[in-house]
Each structure stands twice: as C-alpha cells, then as structure tokens.
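This report refers to the structure that appears directly beneath it.
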Amino acid sequence: MPRRLSRRESQELTRSRLLAAAAEVFAEVGVAGASVERIADRAGYTRGAFYGHFADKDALVAALLAERTRRERDEVAELAEAEDDTWEALRAWHRTRSAHVEEWLALRLELVRDALQRTPGRRSPLAGREEFAREALTGAVAHELGIDATEASFPALVIHALEDGLAIQRALDPESIPADAVVAATELVLRGARRATRQPER
C-alpha cells in the first residue's frame, strides 16, 4: 500500500505541479493569455488550490523563474566541486540541458514580451531573475579572473547575453550550433578579459 503523503509533502507536490503546468501553458498561449483557471486545470487542481500557493499570476511567474535559476545554480556549483575538469563537465551539462532548450526558450521569450508590454514602473518578475543571474555570473567571473566585482560585471553581462543569443541560434538551427557552444563562448570572453586586466590601456 502506498505511503500516505504528509501535509507538507502534499503541499510541495501541488506547488510543483502548478509550476510545471504554468510553464506549459505560458509557452502555449503566453503569460497574458494564461488564466489562473487554465493553469490550475492543467495541473489537475481547482482555482482555490492555486491561490493556496500563489498570491497571483505574477507570484507564480517569479516562483517559476526562481526555481529554475536555483536548480541550475546548484547543478553548476556541484559540478565545480565534484569534477577535476570543470570546463568539460560544463560542456556535458550544457549538452544534457540542450534537450529542453526549445521549451525553455519559448517560455523565456514569452516572459520577455510580457515584460516589454508592462506599464512603466511595473517591474516584471523576469527582471529579478535576470538580476540574480547577472550577479551570480559576476561572482563566478571575478573568482575565475581574480578581479573585483566592478571589473567582472561587464564580462559577466556579455556571457549572459551570449547564452541567450546562442540558445536562440541553436533552437533555430540545432545541426549547426553545438549544444555546448556557450562554454566555448565563455572561455573566449574570459580569455579576452584576462588579457585586458593584464595589459595597460593604450
């Protein structure tokens, strides 16, 4: 007989299913076109269950982005600790991750569109995720190059932008763009940044 879930486990399962359903619905019909009822129904729950976990749709979007960001950050951190060759481990991680690039890209681009359509002064949930990602990359670049965060912020921004651009290129032409292209691009940016920090301006 299956073990009965505790209240906390049941709540976590409901929340997880709502997040997964939201990612699907957002990618299909957009953030604006996704109703709370549709998301709840896709997950197999009622509208009341939705509001038992999220204050509104924006809160759900923020939670969805935070979960994905946290998961990827933890996976990469584990690679750095467990593997002798961090760069090769990152290549393998990106190759595995690329299997879902189209799904994630569709959602991400829809969230960008939602952000652009918002009224001035109304912060998009995506903005917080982007800020967190840039800060994490800045810290990694600063550590890798042995420089402070101020110097590392621009190379980190370039790497972050390259990741977005390469994801789009791979989704459009997966045969031509390697799944681990972002790792090669990161190495290239770091190589240039390393030279820049060692050479005086002319």
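For the reader, a short list of remarks on this structure follows.
- Taken over segment 1-70, the alpha-carbon convex hull comes to 101 cubic angstrom per residue.
- Over all pairs of different C-alpha atoms, segment 87-139 has a mean inverse distance whose reciprocal, the Kirkwood radius, equals 13.1 Å.
- Carbon + sulfur, % of accessible area of the chain - ligands and nucleic acids excluded, 1.4 Å: 52
- What the Cβ-Cβ distance of ALA184 and GLU24 gives, at R0 = 25 Å and to the nearest 0.05, is a FRET efficiency of 0.20.
- Angle between the chain longest axis and helix 101-117 axis [Cα atoms, degrees, rounded to 10]: 80
- Computed about its Cα centre, the charge dipole of the chain is approximately 740 debye, with only Lys, Arg, Asp and Glu carrying charge at their Cβ.
- GNM result for the chain, Cα springs below 10 Å: residue of THR186, THR46, THR150 fluctuating most strongly: THR150
- If the segment from THR69 to ARG7 were pulled out straight at 0.36 nm per residue, it would be longer than the present Cα-Cα gap by 19.7 nm.
- Length gained on full extension, GLU131 to PHE154, computed as 0.36 nm times the residue gap minus the Cα-Cα distance: 7.0 nm.
- Pairs of Cα atoms in segment 115-187 fall into 5 Å distance bins, from 0 up to the last occupied one, in shares of 3, 15, 19, 18, 17, 15, 9, 4, 0 percent.
- Surface accessible to a 1.4 Å probe, per residue, for the residues of the chain, Å²: 63
- When HIS143, HIS94 are compared by accessible surface with a 1.4 Å probe, the order from highest to lowest is HIS143, HIS94.
- Put ARG123, ARG108, ARG191, ARG8 in order of accessible area, highest first, and with a 1.4 Å probe you get ARG8, ARG123, ARG191, ARG108.
- The string of couplings for segment 64-70 from the Karplus curve (6.51, -1.76, 1.60, θ = phi - 60°) is 4, 5, 5, 4, 5, 4, 5 Hz, one whole number per residue in order, with x for Gly and Pro.
- Rg/Rg_ref, the chain, where Rg_ref = 2.2 N^0.38 Å and atoms are Cα: 1.18
- 222 nm mean residue ellipticity, helices alone, for the chain (DSSP H n ≥ 4; -39,500 (n - 2.57); rounded to 500): -25500 deg cm²/dmol
- Listed residues GLU37, GLU72, GLU163, GLU135 arranged by accessible area, highest first, probe 1.4 Å: GLU135, GLU37, GLU163, GLU72
The values are calculated or read from the model by the stated rules, or taken from the named source; none is laboratory data. None of these values were measured; they are calculated from a predicted model. In this analysis, Cβ positions are derived from the backbone assuming ideal geometry, glycine residues included, and neighbour counts consider all displayed protein chains. Heavy atoms of the whole protein, side chains included, go into the accessibility calculation; ligands, DNA and RNA do not. Shrake-Rupley method; radii C 1.70, N 1.55, O 1.52, S 1.80 Å.
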